[in-house]
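What follows is a set of notes on a single structure, which appears directly below.
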Amino acid sequence: MSLDFSIKTLIFTIVIGHLFSGILGIAYMIQHKKDSSLFIFLFARLFDTIAWVFLGLRDVINIFISISLGNSFLIIAQTTQIIAFLIIKRRCNKLIKRVYVIASAISIAVIHLAIFLQYGEGVRISIMSIIMMILWCFPIYEFLMDKNSSVLQKTVAFIYLAGFILLILRVYMGISFSESVPLMSNNIYNVLFFVCLYLIMLTGNIGFILMAKEKSDLELTKVATYDELTDIFNRRAFLLRAKENISLFSRRKEPISFFLIDLDNFKKINDVYGHFAGDMVLKDFAVKIKNQLRDYDLFGRIGGEEFTVLLPGTNEKEALEVAERLRRITERTSVNIGRDHIIKYTISIGIVTVIPDEHTSINTLYKISDDALYAAKRNGRNRIEVVKS
Ligand code: GH3
Ligand code: MG
Ligand code: MG
């Protein structure tokens, strides 16, 4: 078998692989324009295609044009791909983009200097490999070291790390074999390098698409779970988790306490200061209360200015203490809405404590605590009423 044929076939496969990834991606983008990271990744793949077309056509077109444009597009493709990776990781900002644009320009200048100084192909390949390693070390480090990285993100980073190690070998090859291992050489290491490059391209494509899907799934879950204004559980998420807790504590035969909290005279705050100021009060309230609760307590916004708290494993006495603390903290709070306007507000709370059984439902707890809340309002507001069992 002629290895020379293999190298050309491999490069052709890489070109076609990049091209088809690009085409499939564009077909997807026609209907999903929002996903900017995928859009940038596709451009990277198209730049890769152009780069390998130029590098692969060195026998057909002028060798200088082949090397110059091939390497330049390769650098641009890598930088573009890195930006897409960093956007997925939410680690891309204006400064990082600028640094990568400058790094690309310097890299292109360096490789052209090597061409101009007529360095051998082996040295040029080594220089390109070092450039790739420098460009890739930041995203690989970010993906591997960030403790919030998903398993998928870490796996993709490991695959790119394998590519990184491959580049180290490539530098060694370029320097030690010098003229004997040009790009199209039939050397077995060269063939292996291109096979690995092809595999990294393939897994990189699948990995990136899965990462984009993972990110959009996470965003959808967040939208479905949290209240947009206050960033605490929305009604649906709160009720779902409350039901789980009720069934858990009915098995344990331990108490749970449920609070229904309503801001007092909130309509007046809206009327006097405006809806925007009202929103600021709601946000302030959510932050203050969240800070007072334990990690496993549930806190949700059930309606406009109505909030719910579920304290698992908390008896009536403890619940009353917590509620009193929340009431006092709110009473002492002032919200600065700008231009030295300060809003003070209070809350009323209806509390119910039960040791749940199989008949206990969150709807019943809600209903009876609403009666207590109504009593608190009737009795003058800024107060707590407990449902007597
Ligand atoms: P009470 O002490 O009896 O609870 O009086 P209140 O004025 O707080 O009660 P009411 O239920 O009459 O008013 C609630 C107000 O909350 C009415 C509504 O405009 C306002 N509201 C509901 N959702 C929001 C919101 O998301 N933002 C703002 N700014 N206001 C909201
Ligand atoms: Mg109210
Ligand atoms: Mg209300």
#### Entry: Test result for THR364, among the β-branched types (Val, Ile, Thr), away from ligand 1 (no atom under 16 Å from the Cβ) and either on the phi > 0 side of the Ramachandran plot or out of contact with any helix residue (DSSP H, G or I) (no Cβ under 6 Å at 6 or more places or on another chain) (or both)
yes
### Residues located in the stretch 230-258, provided they are within 16 Å of ligand 1 (Cβ to nearest atom), out of contact with any helix residue (DSSP H, G or I) (no Cβ under 6 Å at 6 or more places or on another chain) and not in a helix (DSSP H, G or I)
ASP231, PHE233, ASN234
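Okay, residues lined up against (1) surrounded by 17 or more Cβ atoms within 10 Å (Cβ to Cβ); (2) touching a Leu at 6+ places or on another chain (Cβ under 7 Å):
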site	(1), (2)
SER126	yes, no
MET133	yes, yes
MET145	no, no
LEU167	yes, no
MET173	yes, no
PHE193	yes, yes
### Task
Go through the stretch 334-358 and give me each residue that's within 38 Å of the chain's Cα centre (by Cα) and acidic (Asp, Glu).
ASP340
### Query
Got a number for residues in the stretch 232-271 being within 16 Å of ligand 2 (Cβ to nearest atom) and of a type in the set (Lys, Arg)?
2
### Message
For the stretch 223-239, give me each residue that is of a type in the set (Phe, Trp, Tyr) and without any contact (Cβ under 8 Å) to a residue 60 or more places away in the chain.
### Response
TYR226
### Query
Is it the case that some residue within the stretch 311-324 is touching a strand residue (DSSP E or B) at 6+ places or on another chain (Cβ under 6 Å) and within 16 Å of ligand 3 (Cβ to nearest atom)?
no
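With ALA242, ALA212 as the choices, which residue is of a type in the set (Gly, Ala, Ser), in contact with a Leu (Cβ under 7 Å, 6 or more places away or on another chain), under 30 Å from VAL354 (Cα atoms) and buried (at least 19 other Cβ atoms within 10 Å of the Cβ)?
On the way: ALA212 fails: under 30 Å from VAL354 (Cα atoms).
Exactly one residue qualifies, and that residue is ALA242.
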### Query
Could you count how many residues in the stretch 264-295 are more than 8 Å from ligand 1 (Cβ to nearest atom), under 34 Å from the mean Cα position of the chain (by Cα) and farther than 24 Å from VAL387 by Cβ?
9
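Based on what the data block shows, is ILE261 within 24 Å of ASN379 (Cα to Cα), within 16 Å of ligand 1 (Cβ to nearest atom) and part of a strand (DSSP E or B)?
Values: within 24 Å of ASN379 (Cα to Cα): yes; within 16 Å of ligand 1 (Cβ to nearest atom): yes; part of a strand (DSSP E or B): yes.
So ILE261 passes the test.
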### Query
Quick check, is GLY300 under 36 Å from the mean Cα position of the chain (by Cα) and either crowded, with 21+ Cβ neighbours inside 10 Å or not acidic (Asp, Glu) (or both)?
yes
### Task
Name, by its number, the condition in (1) in contact with a helix residue (DSSP H, G or I) (Cβ under 6 Å, 6 or more places away or on another chain); (2) under 21 Å from ASN265 (Cβ atoms); (3) surrounded by fewer than 15 Cβ atoms within 10 Å (Cβ to Cβ) that does not hold for HIS341.
(1)
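With respect to VAL156, determine if the residue is in a helix (DSSP H, G or I), crowded, with 19+ Cβ neighbours inside 10 Å, among the β-branched types (Val, Ile, Thr) and out of contact with any Lys or Arg (no Cβ under 9 Å at 6 or more places or on another chain).
Details: in a helix (DSSP H, G or I): yes; crowded, with 19+ Cβ neighbours inside 10 Å: yes; among the β-branched types (Val, Ile, Thr): yes; out of contact with any Lys or Arg (no Cβ under 9 Å at 6 or more places or on another chain): yes.
Against the criterion (in a helix (DSSP H, G or I), crowded, with 19+ Cβ neighbours inside 10 Å, among the β-branched types (Val, Ile, Thr) and out of contact with any Lys or Arg (no Cβ under 9 Å at 6 or more places or on another chain)), VAL156 qualifies.
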### Of residues in the stretch 264-282 being surrounded by 15 or more Cβ atoms within 10 Å (Cβ to Cβ) and away from ligand 3 (no atom under 15 Å from the Cβ), the one farthest from PRO312 (Cα to Cα)
TYR273
#### Entry: Pairs where the first residue, in the stretch 249-273, is under 20 Å from GLY300 (Cα atoms) and the second is aliphatic (A, V, I, L, M) and surrounded by fewer than 18 Cβ atoms within 10 Å (Cβ to Cβ), C-beta under 7 Å, 6+ apart
PRO255/ILE355
### Message
Any residue that is under 25 Å from GLY122 (Cβ atoms), modelled with pLDDT of 95 or more and of a type in the set (A, V, I, L, M, F, W, C) - is there at least one of those in the stretch 9-32?
### Response
no
#### Entry: Condition met for GLY313 (among the small types (Gly, Ala, Ser), within 13 Å of ligand 2 (Cβ to nearest atom) and modelled with pLDDT of 95 or more)
no
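The values are calculated or read from the model by the stated rules, or taken from the named source; none is laboratory data. Since this is a predicted model, take the numbers as computed values, not measurements. With ideal geometry, Cβ positions are generated from the backbone for all residues, glycine too; neighbour counts draw on all protein chains shown.
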